[in-house]
Amino acid sequence: MPSFDIVSQVDKQEIRNATEQANKEITNRFDFKGSDARIEQNELQLTAFADDEFKLGQVLDVLRGRLTKRNVDVRCLELGAIEKISGDKAKRPVTVRVGVPQDKGKAIVKLVKDAKLKVQASIQGDTVRVSGAKKDDLQATMQLVRKSVTDLPLQFVNFRD
């Protein structure tokens, strides 16, 4: 029975490379000279540091630009609250989301079932498996999910015939 999986994945190496490039650009930029602006990475948890909230926004813009150039979808970034540290300095945690969250998976399954396509969708951990009798139904499901879910970067993998 043909099937495929709906997942949300990112390439950790590309994120590491983008973070390093962003840090390099920040150290070379004139408007950041003498400031403590940087991005630290711990696996899929990034932390942006800057002297004030305005520069923090600029640091995150540099990071988004680098991620985009390395073909990493910036919709996977989840920004945390801005935290004040000593003096006027600020930091902001950024989490890289991986996997389809449970509530979003349920919404995708409901969307597929409401569309009355001849496919079955089931949640399996942080992926959604869709299976059906015909390839055409599966491709229609892909188009439906692509069009409907815009706040999360989704990939369609494991296409089995």
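Throughout, read-outs are computed from the coordinates displayed, never taken from laboratory work. No experiment lies behind these values; they were computed from the predicted model shown. Note: ideal-geometry Cβ built from the backbone for every residue, glycine included; neighbour counts use all protein chains shown.
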Can you list the equivalent-ellipsoid semi-axes of the chain, largest first and in whole Å, using the square root of 5 times each Cα gyration tensor eigenvalue?
40, 15, 11
Here, the stretch 12-96 modelled as identical Cα point scatterers in vacuum has Debye log10 I(q)/I(0) at q = 0.15, 0.19, 0.21 Å⁻¹ of -0.48, -0.77, -0.94
Computed Kirkwood radius, in angstrom, where 1/r is averaged over Cα pairs of the stretch 90-161:
13.2
Which lysines have a Cα lying under 28 Å from the Cα of Lys118, excluding residues fewer than 8 positions away in the same chain?
Lys104, Lys106, Lys110, Lys134, Lys135, Lys147
From the residues Ser86, Val112, Val72, which one has its Cα farthest along the dipole of the stretch 43-112 in the positive direction, the dipole being from +1 and -1 charges on Cβ of Lys/Arg and Asp/Glu about the Cα centre?
Val112
Positive-pole candidate from Asn17, Val128, Leu56, dipole of the chain, charges at beta carbon:
Val128
If you line up the long axis of helix 135-148 against the longest principal axis of the chain, both from Cα atoms, how many degrees apart are they, to the nearest 10?
40
To the nearest Å, what is the center-to-center distance of the stretch 1-63 and the stretch 85-114, using C-alpha atoms only?
17
Can you count the Lys pairs in the stretch 12-96 whose Cα atoms are under 14 Å apart, with each pair 8 or more apart or on different chains?
5
Expected 222 nm ellipticity per residue - DSSP helices of 4 or more, -39500 (n - 2.57), all of the chain, to 500:
-12500 deg cm²/dmol
